[in-house]
Amino acid sequence: MTPSTSSLTTLLLTTLLFSCNLNAAQAFLPSWLPGVISTSPDLNRYTDECTSTTFDCRFSIGLTDAVFPINDFQFRLCKGHGADEERVALPGADGPRPHLSSGPHRISTLKDGSFVTMEGIQSVPLTLGAWELIWRSDSQVGYLICGFHLEYEARRNTNGAVLPKGNIYVTFPVWSKNGLEDEWTMKKNAERKYKEFEDERDTQLQKYNAEGNLLKKAMYFRNAVQADVDRDNISMYIRSDVPNKEDVMELSPCLEIVKSGTIWSKVGGDFHSNGHRLLGSAILRSRE
């Protein structure tokens, strides 16, 4: 082996070992480190497509039967933001993974939400509104997070559900249209195969029950078991988090937003610590 060839071989081996060690090390790195979880290259484009969208939203406060609605809350997603004191903190931009966030942007409230009590119509003014879009590079779905501040708690009944004062957040899943179409196709194919295996299992069980020959009964039972195993295996490809067509509406030419979201608040400390409280659900009734 010549000196040049030896040097090249050593360089290649060193590079390979360094790459392997780096990949192995990344498995033990905390996920909030930039580069371990990377941002979608389409995040800026998706953010621009969300800007200037107006929503008409309905809140359902509470997690049991004793919920109360807050109706007709209308707001617009604006581009850019003011000083930090003019907005609420956001879990992405102000949390452990800011590189996954679009950054904070302003929300303009067009109409306060309201609910009805024995005293009449009560307004729910939400201020300091801000929004962000969070999207990972390896995902077809991101999240629109809207944050607001409520000066006084909203409560319809003394012992009923309450929307507490302080910062509250509303999260809606957002899908790329191409990604959602792909998921619908895969889900449809998986559901078709699931039904085929289920029918095959039932057919084999019917033959098992009608057969008197022990050898044939054993064969039919084995076939039924195999069909049931195949059915269970295919069920792994039927994702429960993929919304149906009636559950989404167009957000932009490239995006679909899920019409149902969650309302929650942060419990204890900033977004670098765990702790969330689920407050209810939100329904988007229309957008402009």
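By its C-alpha gyration tensor, with a ≥ b ≥ c as the square roots of the eigenvalues, how is the chain shaped: rounded for a/c under 1.5, else prolate for a/b larger than b/c, else oblate? Verdict is oblate for the chain. Comparing 271, 59, 197 in a Gaussian network model of the chain where C-alpha atoms under 10 Å apart are linked, the largest mean-square fluctuation is found at 197. The distance linking region 36-60 with region 123-156 is 11 Å (Cα centroid to Cα centroid, whole angstrom).
Tell me, what % of the accessible area of the chain is carbon and sulfur with a 1.4 angstrom probe?
Values: 8950 of 16590 Å².
C and S fraction of accessible area: 54 percent.
Prolate is the label for region 113-260. Its Cα gyration tensor axes, ordered a ≥ b ≥ c, give a/c of at least 1.5 and a/b above b/c. Projected onto the charge dipole of region 107-244 (+1 at Lys/Arg Cβ, -1 at Asp/Glu Cβ, origin at the Cα centre), which of 229, 180, 145 gives the Cα projection farthest towards the positive end? Projecting each Cα onto the dipole axis, the largest value belongs to 229. Each label point was placed 7 Å from the Cα along the Cα-to-Cβ direction; for residue 240 and residue 203 their separation is 3.0 nm.
The orientation-averaged projection of the convex hull spanning the C-alpha atoms of region 211-253 amounts to 5.0 square nanometres. Counting only trypsin sites (Lys or Arg not before Pro) that are in a DSSP loop and have at most 12 other C-beta atoms within 10 Å, tell me the longest site-free stretch of the chain. Answer from the scan: 80-238.
Normalised per residue, the accessible area of the chain is 58 Å², obtained with a 1.4 Å probe and no contribution from ligands, DNA or RNA. Using amide H atoms built in the peptide plane, which far-off residues or other-chain residues are under 5 Å from residue 136 H to H? It is 40, by chain and number.
Our coupling estimate for region 244-250, obtained by passing each phi through the Karplus curve with A = 6.51, B = -1.76, C = 1.60 and θ = phi - 60°, is 7, 4, 6, 8, 10, 9, 5 Hz, Gly and Pro reported as x.
Sorting 220, 169, 194, 237 by accessible area puts them as 237, 194, 220, 169; the probe is 1.4 Å, largest comes first, and only protein heavy atoms count.
Here region 172-288 is assigned +1 on the Cβ of each Lys and Arg and -1 on the Cβ of each Asp and Glu. Its dipole about the Cα centre then comes out at about 220 debye. Largest to smallest in accessible area, the residues 236, 118, 186, 249 fall in the order 118, 236, 186, 249 (1.4 Å probe, all protein chains included). Ordered by solvent-accessible area of protein heavy atoms (1.4 Å probe), largest first, the residues 276, 99, 105 come out as 276, 99, 105. List the residues whose amide H sits under 5 Å from the amide H of residue 62, counting only those 5 or more places along or on another chain, with H placed 1.01 Å from N in the peptide plane. Placed amide hydrogens put 280, 281 under 5 Å from residue 62.
The values are calculated or read from the model by the stated rules, or taken from the named source; none is laboratory data. All figures in this text were calculated on a predicted structure; none of them were measured in a lab. Positions of Cβ are backbone-derived with ideal geometry, glycine not excepted, and every protein chain shown enters the neighbour counts. Protein only, heavy atoms only, side chains kept; ligands, DNA and RNA dropped before computing areas. Shrake-Rupley method; radii C 1.70, N 1.55, O 1.52, S 1.80 Å.
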